[in-house]
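All remarks here apply to the structure that follows.
The values are calculated or read from the model by the stated rules, or taken from the named source; none is laboratory data. Since the model is a prediction, treat every value here as computed from it, not as a measurement. So basically every Cβ, Gly included, is an ideal-geometry build from the backbone, and we count neighbours across all protein chains shown. For accessibility, only protein heavy atoms count, side chains too; no ligands or nucleic acids. Shrake-Rupley method; radii C 1.70, N 1.55, O 1.52, S 1.80 Å.
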Amino acid sequence: MEKREQLYEGKAKKVFATDDPNLVIVSYKDDATAFDGQKRGTILGKGAVNNRMSNFLMKQLEKEGIPTHYVEELNDRETVVKKVSIVPLEVIVRNISAGHFASRYGVEEGIVFDEPVVEFSYKNDDLHDPLLNDDHAVALKLSTREEIARIKAYALKVNEVLKKILLASNVTLVDFKLEFGKTADGTLVLADEISPDTCRFWDSRTGEKLDKDRFRRDLGNVEDAYMEMQRRLLGE
Ligand code: ADP
Ligand code: UDP
């Protein structure tokens, strides 16, 4: 596998072409941003934690029947994944109120929902990722009705699998964001990453936050939280 030119540099990752047109290499950075890019910083070691944790979780999800973009971990920061065209929806699943759900609807954080909540945002930085529903997504031709139904079913299955894995490590899965994409042959797969950048993790015994909220809210011990999540899931 040969690494070729950089195709894209995002806020948290770079994407490189390879000698295979159907594969790309993602390279995870230590850069962190929050609040729509207004807050910026570095979380030392984050790139390696997110890369390894995301690969570990995607492998578990594959075993449970969820197709993902994961192909092969190259090193601490770099992974070969199937190249997809990303469906421009941020798919958010919530088990407990937090973040924008709490602020938008004027409720406190920590309310445990009877059923998971699935919501979509339009992945569009210029518009600041506005919340939208299925009808909006279909009207805007971001996705088809059938694809949205499959995305929702996959997202709920991902929630069940992740909740179980995390609870075994005494971590409560509060909420998370997924991205899906389509491979060259049109297969819908889970893409992007699953990490403390994209999930809220609370210690199930103490309630301590073990995710990017430590950076967003200046809670301190940011690096420690990422390392603690790696230790609990990967045992190192
Ligand atoms: P952002 O673009 O929001 O700043 P990142 O820094 O994480 O985010 O950049 C990674 C980019 O790669 C994102 O735009 C993401 O949608 C995209 N991406 C994730 N997985 C794949 C994949 N398998 N193939 C192509 N692009 C992908
Ligand atoms: N999330 C994300 N990227 C985004 C927006 C949200 O990974 O651009 C994740 C976030 O980490 C959290 C969940 O999605 O786990 C729900 O986020 P919320 O809508 O509450 O917004 P936030 O408060 O994170 O901005």
Which of rounded, prolate or oblate describes the chain when judged by the alpha-carbon gyration tensor and an a/c cut-off of 1.5? rounded
With the contact rule set at Cα under 8 Å and sequence spacing of 6 or more, what percent relative contact order holds for the range 118-203? 19
Eight or more residues apart or on different chains, and alpha-carbon atoms under 22 Å: count the Lys pairs in the range 45-133 matching that. 7
List the GluC sites (Glu not before Pro) within the range 142-208 that DSSP assigns to loop and that have no more than 15 neighbouring Cβ atoms inside 10 Å. E208
Would you check the accessible area of D135, probe 1.4 Å, heavy atoms only, in square angstrom rounded to 10? 90
Membrane-span-like helices in the chain: DSSP H runs reaching 20 Å or more (Cα, own axis), mean Kyte hydropathy at least -1.0? 46-63, 145-167
Over the chain, what is the relative contact order in percent, taking alpha-carbon pairs closer than 8 angstrom and at least six residues apart? 18
Give a quick list of trypsin sites (Lys or Arg not before Pro) in the range 193-231 that DSSP marks as loop, anything other than H, G, I, E or B, with at most 14 other Cβ atoms within 10 Å. R205, R217
What GluC sites (Glu not before Pro) in the range 24-132 are in a loop by DSSP, with at most 14 other Cβ atoms within 10 Å of the Cβ? E64, E108
What's the center-to-center distance, using Cα atoms, between the range 1-31 and the range 181-215 in Å? 19
